[in-house]
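Take a look at the structure set out below.
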Amino acid sequence: MKTLLPLVLLAAFLSTAALPARAAQPDVMSVKQITLELARDIAMASVDACRQEGYNISAVVLDRAGNVQVAMRDTLAARHTLEIAERKAGMTIMSGIDSGEFRAARGDIRPELNHIDGLIVMEGGLPIRAAGSLIGAVGVSGAPGGDKDAACASAALKKVEERLEFAM
C-alpha cells in the first residue's frame, strides 16, 4: 500500500498538470467534407478523361477519412481496377500527397505498405483539396500506366477546380 500511494499521487499530479493543455482543445470541431455530388463529378470526369484517350478505367473517390464516397467502373474496365483505384486513393489519404510522389520519395517502405489493406504504392492517386483542406482523394486504375491514370485524375480535378477553390 505504501508503494502504491506515491504512484497515485504522481498520476494525479500528471493529470492535473495536463489540464490546461486539454482545456485549450475544443470539444467540437468543424471539418470540410466532400459531398456526394462533388465526388460523383470527379469520378465521372476521370472516366470521361480516360475514355477520350481510349482507356477503360475505374475511378474511386474517398472522403477525408478514407471511406468510399463514389466508385465507378467503366463498362469494359477490368473488375480489379476498382480495388486498385481505391487503394491508390487510400495511399493518398494516408500520405496527404500524390501517390506517385509518395512512391518516388519512399521506395524504401513500398513493399511493406503494399501489404496493408487499403493501400498500394502506385501512381494514379491524387489528393482533393478545398480551400487548402484535404477533403478526399481520387484514385484511377486501368489505363496503360500509372502516369496515364494520374493524368485522367488530374484532368478531372482541373474540371472542378473552381468549385474546390471557392469552397467554404
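The values are calculated or read from the model by the stated rules, or taken from the named source; none is laboratory data. All figures in this text were calculated on a predicted structure; none of them were measured in a lab. Cβ placement follows ideal geometry from the backbone for every residue including glycine, while neighbour counts extend to all protein chains displayed.
Collect the residues in the range 50-71 that are over 13 Å from residue 128 (Cα atoms) and either among the β-branched types (Val, Ile, Thr) or in contact with a Lys or Arg (Cβ under 8 Å, 6 or more places away or on another chain) (or both), keeping them in residue-number order.
Of everything in the range 50-71, those that are over 13 Å from residue 128 (Cα atoms) and either among the β-branched types (Val, Ile, Thr) or in contact with a Lys or Arg (Cβ under 8 Å, 6 or more places away or on another chain) (or both) turn out to be 50, 53, 55, 57, 58, 68, 70.
Mind listing whichever residues of the range 54-68 are assigned to a strand (DSSP E or B) and farther than 17 Å from residue 146 by Cβ?
61, 62, 63, 68
Name, by its number, the condition in (1) of a type outside the set (Val, Ile, Thr); (2) without any contact (Cβ under 8 Å) to a residue 40 or more places away in the chain; (3) in contact with a Leu (Cβ under 8 Å, 6 or more places away or on another chain) that does not hold for residue 131.
Failing condition for residue 131: (2).
Provide a single number: the residues in the range 67-101 that are hydrophobic (A, V, I, L, M, F, W, C), free of Cβ contacts under 8 Å to residues at least 24 places away in the same chain and out of contact with any Asp or Glu (no Cβ under 9 Å at 6 or more places or on another chain).
1
Which pairs have Cβ atoms under 8 Å, sit 6 or more apart or on different chains, and link a residue in the range 17-42 that is closer than 12 Å to residue 64 by Cβ and of a type in the set (Lys, Arg) to one that is modelled with pLDDT under 95 and in a helix (DSSP H, G or I)?
Listed by first residue and then by second, the contacts come to nothing, as the list is empty.
Which one is nearest to residue 145 (Cα to Cα), of the residues in the range 93-115 that are polar (S, T, N, Q) and in contact with a helix residue (DSSP H, G or I) (Cβ under 6 Å, 6 or more places away or on another chain)?
Applying the filter and picking the extreme gives 99.
Kindly list the number of the only condition in (1) over 22 Å from residue 38 (Cα atoms); (2) of a type outside the set (Gly, Ala, Ser); (3) buried (at least 21 other Cβ atoms within 10 Å of the Cβ); (4) in contact with a Phe, Trp or Tyr (Cβ under 8 Å, 6 or more places away or on another chain) that fails for residue 91.
(1)
With the condition kept exactly as written, say whether any residue in the range 119-131 is at negative phi, surrounded by fewer than 24 Cβ atoms within 10 Å (Cβ to Cβ), at pLDDT 95 or above and touching a Pro at 6+ places or on another chain (Cβ under 6 Å).
No, every residue in the range 119-131 fails to be at negative phi, surrounded by fewer than 24 Cβ atoms within 10 Å (Cβ to Cβ), at pLDDT 95 or above and touching a Pro at 6+ places or on another chain (Cβ under 6 Å).
Considering 155, 104, 137, which residue is within 27 Å of residue 76 (Cβ to Cβ), in a helix (DSSP H, G or I) and among the aliphatic types (A, V, I, L, M)? Quick ask: steps written out before the conclusion?
Working: 104 fails: within 27 Å of residue 76 (Cβ to Cβ); 137 fails: in a helix (DSSP H, G or I).
None of the other options fit; the residue is 155.
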